[in-house]
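The values are calculated or read from the model by the stated rules, or taken from the named source; none is laboratory data. Here the structure is a predicted model, which is why all the values come from computation and not from measurement. We place every Cβ from the backbone using ideal geometry, glycine too, and count neighbours over all the protein chains shown. Heavy atoms of the whole protein, side chains included, go into the accessibility calculation; ligands, DNA and RNA do not. Shrake-Rupley method; radii C 1.70, N 1.55, O 1.52, S 1.80 Å.
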Amino acid sequence: STRPANPGRCPGLTYCALSGRIATALWLVLVAASARAELTSLKIIRREPFAEGKSFGEVGPYERIIAHAKYEIDPSHARNQGVVDLDLAPRNAAGKVEFEADVDFLAPVDLSKGNGAIFYDVNNRGGKLALRFFNHAKMKNDPTTAEDAGDGFLMRRGYVVVWSGWLGELLPGD
């Protein structure tokens, strides 16, 4: 397989967004989506070494951050008119619909050694595909080991890899 000739830069993928801070970048990804939503809180559930503390070149070791995000969406906003049955959802005191999502990050322990870019893996029903497709790793939805990092392509280039999902029919761990 071929690799991009511009290591450390976004390789032209539509789900890659520049940002210096993880929460801000996640919010920006949502704003750029077809619907308009706001991140209202991001609670870190746990932080743990990724890939058994393996160092990825000059970027160094990575950590895995598991978080829970809460959002609000305004059902009357023009960009939200395409959301099916949004008008039927319960509303909070501000008239907005609330929803939640699990968020999973792989980030350099020292963010200053990263490239400042988020690689947002748009998952399909909970499937985490970025490490499989870009790092030649085995398909796994709970990446923790050095084997799960594959060849480390995204990590050696300093990306923060982010997955989030909100599909209600998935059970935790799927």
Checklist outcome for this item: Listed by chain and number, the aspartates and glutamates with an alpha carbon less than 12 angstrom from that of LYS138, same-chain partners under 8 positions apart left out, are GLU147, ASP148, ASP151
Item to check | Percent RCO, i.e. relative contact order, over the stretch 30-163, from Cα pairs under 8 Å lying at least 6 residues apart | outcome: 27 percent
Checklist entry - What's the FRET efficiency of VAL109 with GLU38 using the Cβ-Cβ distance as r and R₀ = 25 Å, to the nearest 0.05? => result 0.30
Checklist outcome for this item: Whole-Hz Karplus couplings 3J(HN,Hα) for the stretch 103-120, θ = phi - 60° and coefficients 6.51, -1.76, 1.60, Gly and Pro as x, run 10, 10, 10, 10, 9, x, 4, 9, 4, 5, 8, x, 9, x, 10, 9, 9, 8
Checklist outcome for this item: Accessible-area order for ARG79, ARG157, largest to smallest, probe 1.4 angstrom, reads ARG79, ARG157
Item to check | Proximal lysines relative to LYS96, as straight alpha-carbon distance under 18 Å, when same-chain residues fewer than 8 apart are discounted | outcome: LYS70
Item to check | Projected label distance in nm at SER55 and MET139, using a 7 Å step from Cα toward the beta-carbon | outcome: 3.5 nm
Next on the checklist: At 37 °C and a viscosity of 0.692 mPa s, what translational diffusion coefficient does Stokes-Einstein give for the stretch 66-167, taking Rh as the Kirkwood radius over Cα pairs? Give it in µm²/s as a whole number.
Outcome noted: 210 µm²/s
Item to check | Apportionment of accessible area to carbon and sulfur, the stretch 43-174, percent (1.4 Å) | outcome: 53 percent
